[in-house]
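Reading through the C-alpha cells given below for one structure.
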Amino acid sequence: MDIATLGGQLLGQIPLGDIVLYLTPFNLFMFAGALIFTTLIAISRTETQVEAEFGSLNDNEVKVGLKEFKIRRFLAVVCGLATAGAMITGDVFNFTLLVALIGIVNIGIVSAVKQIDVLNAAFQYGLIAMIASLPLFGGAAIILASTGTLSILEIAQLSFTTPMMFFASVLLILGIAGETGIAPFYATKAEMFRTPGSPFILIIHLSSLLVIVRAIEILLIINKPF
C-alpha cells in the first residue's frame, strides 16, 4: 500500500537532513487542524469549573491560578506543536519521539493541579507511558533492522513484508496505545479529565485522536495488507 492510496497525491517533501517531511492532502489537513487548535489554545483563557456540593444546593467554583495557567498553556502549546509535527513527519523514529513527547506533556498539563485524585491518575498514567516507551522505540528499532531504513517514503516502496515487520507493528501499537492512553489503558487517563482547565484538557483528546489516525496510516504502509 503506497502513500498516495492512503493520503492522496504527494504534494511535496521538506528535507531537513535525515528528517524528511512529506505532505499529502490527508496529512496536511491533520497538520493544519492541529495548528489551528493550538493557536486557539494559545489565545484562550481557562474556564471556571463549577461543582455541585453533595447534600446541599450550593456550588463550588474551581478556578485556575495565573501561575498554573501559564504552565498549562505552555505545555498545551508544546503538545499541539508535537502533534502537528507527528502528522507530517516521514520518519518512523521521529514519529515515536513526538508521540513520547506528547505523552510527557499530557502528564504535565494535569500534574500542575493540586487535587489528589487528579495527581494520582496522572502518576498512574505516567507509569504506563514510561512502560509503553519500551515497545514504542523497540518497534521502531525492529523496523530499522528489518528494512534497513526508518523513512516512511522508502518503506512504502518496498514490495515485501516480513514477520519481524509485523511484530514491530504490534509493538508500535502497544507503545502508542500506552502513550496516548487509549483502550485498554484509558481507565487511568479518564480520571485526569476531572481537572478544571478547558481548553487545555481538550488538547489531550485531540492529540490522542490524531496520533492514532496517523499511526494507522503508518502501520498500513509498513504491512501492506492490500
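The values are calculated or read from the model by the stated rules, or taken from the named source; none is laboratory data. Note that the coordinates shown come from a computational prediction; the quantities given were computed from them, not determined experimentally. Cβ atoms come from the backbone with ideal geometry, glycine included; neighbour counts cover every protein chain shown. Calculation scope for accessible area: heavy atoms of the full protein, side chains included, ligands and nucleic acids excluded. Shrake-Rupley method; radii C 1.70, N 1.55, O 1.52, S 1.80 Å.
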Selection over the stretch 103-122 where residues are open to solvent by 60 Å² or more (accessible area, probe 1.4 Å), out of contact with any Asp or Glu (no Cβ under 8 Å at 6 or more places or on another chain) and more than 19 Å from residue 208 (Cβ to Cβ) yields a count of 3
Checked the stretch 124-163 for anything crowded, with 17+ Cβ neighbours inside 10 Å, under 15 Å from residue 218 (Cβ atoms) and in contact (Cβ under 8 Å) with a residue 60 or more places away in the chain; matches are 143, 151, 152, 155, 156
(1) assigned to a helix (DSSP H, G or I); (2) more than 21 Å from the chain's Cα centre (by Cα) all hold for residue 77 apart from (2)
Scanning the stretch 91-102 residue by residue, those in contact with a Cys (Cβ under 9 Å, 6 or more places away or on another chain) and either crowded, with 20+ Cβ neighbours inside 10 Å or among the small types (Gly, Ala, Ser) (or both) turn out to be 102
Residues in the stretch 8-39 that are modelled with pLDDT of 85 or more and either among the acidic types (Asp, Glu) or surrounded by fewer than 14 Cβ atoms within 10 Å (Cβ to Cβ) (or both) total 5
